[in-house]
Amino acid sequence: MSKKRIILMIITSILFVLALIGVYFFTQNNEELNVTGKVIINGEDHVIIESNNEDYLVNEVANNYNVGDEVTFTYKKGSLKDNTSPKEITAIKEELIKENEYPVQDEHKKEEDQPNNNQNETTQNSSSNNQNSTNNNSNNANNSTNNTENNEINSNNTTNNSNNSVTPKTADEEVLAYVNQIEEDANNGITNTLKSGFITVVDFLFYNGEIAGHTFNELTTKAKLEVLKAALWIDDKIDHVFPGYKETISNGASKVYTSVKNLIVSTYLDITTSICKNHSDLCISAKKDFQDLKQSFGFTWDFIKDLASSGLDKLKNWYEIWSGK
């Protein structure tokens, strides 16, 4: 047998094996699978369903579904992204199995039908003992978003109407200077003000406390988000520098300090949801900042979902902020 013929046979064999491998993977990737679950978020061309304690982001959905509808989606195995949270698939077929008898009303419609209702209540589930206290505190912080425009006008007027040679600082400037100083001191190894600063900031955000004579309600929306970002950093720093401190000061106290992170994140998401309805520029900035927070503090989809576990009507907005969409 000639050398050329041997080489040709080897090449032919290799190509045949590669073809078999290609056919195998093509067949595997094109295998059609089904998943059935309840809709927890309904977007324009996508939904998120909950199925057997797993969440799936289903893309290219053709029909409109209500939250709570039970739907079966068919997808090709090759479209499954199981390393994401929630997992992602692309629908090629869909079938409504059971329609929700009591669909969750769209948040926009709620505002039109009930304009006087409070849309910013935040429900926390960190523990059964502090749930009611946590909800009320977060609600107080979120209600302040209704006065944003007035606060911004008042803040500017404070500067413009001053007749003094030294322009007085605004509420935004004084409060941000306080929280930024706590961060700067801690970064420089000065932690003697961290404990008192933590309590002051938490009281300021959720217990009608004051910083430099100002309340959280007096701040502009942008400043509120900046304070919340700083508060997350301070909360995390307390856990690292003084582990167990929050539990100690919470024992026997009427105020809750152990679930501060949940409160801060919920408040940030609620305020961002509110401003995204009317302030597109600030909305983009707030969403971008939350992506940085998500990376820094490891906010997972499961964490966000748990925060909104009793309020699926807000989960859609929170998902858009969390995912950056």
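The values are calculated or read from the model by the stated rules, or taken from the named source; none is laboratory data. The model shown is predicted, which means the values in this text are computed figures rather than measured ones. Glycine also receives a Cβ, built like all others from the backbone with ideal geometry; neighbour counts cover every protein chain displayed. Ligands, DNA and RNA are excluded from the accessible area calculation, which covers all protein heavy atoms including side chains. Shrake-Rupley method; radii C 1.70, N 1.55, O 1.52, S 1.80 Å.
Overview of values
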{"quantity": "Members of the stretch 268-303 that are in contact (Cβ under 8 Å) with a residue 24 or more places away in the chain, open to solvent by less than 20 Å² (accessible area, probe 1.4 Å) and not acidic (Asp, Glu)", "calculated": "TYR268, LEU269, ILE271, THR272, THR273, ILE275, ALA286, PHE290, LEU293, PHE299, TRP301"}
{"quantity": "Residue selected from the stretch 68-114 under the condition among the small types (Gly, Ala, Ser) and under 22 Å from GLU32 (Cβ atoms), by the criterion modelled with the highest pLDDT", "calculated": "ALA91"}
{"quantity": "Test: residue in the stretch 178-185 that is of a type in the set (A, V, I, L, M) and open to solvent by less than 50 Å² (accessible area, probe 1.4 Å)", "calculated": "yes"}
{"quantity": "The stretch 304-324 - residue that is out of contact with any strand residue (DSSP E or B) (no Cβ under 7 Å at 6 or more places or on another chain) and over 25 Å from ALA230 (Cβ atoms) and, of those, surrounded by the most Cβ atoms within 10 Å (Cβ to Cβ)", "calculated": "LYS305"}
{"quantity": "Elements of type strands (runs of 3 or more DSSP E) in the stretch 17-101, at least 2 residues being touching a helix residue (DSSP H, G or I) at 6+ places or on another chain (Cβ under 8 Å) and open to solvent by 80 Å² or more (accessible area, probe 1.4 Å)", "calculated": "none"}
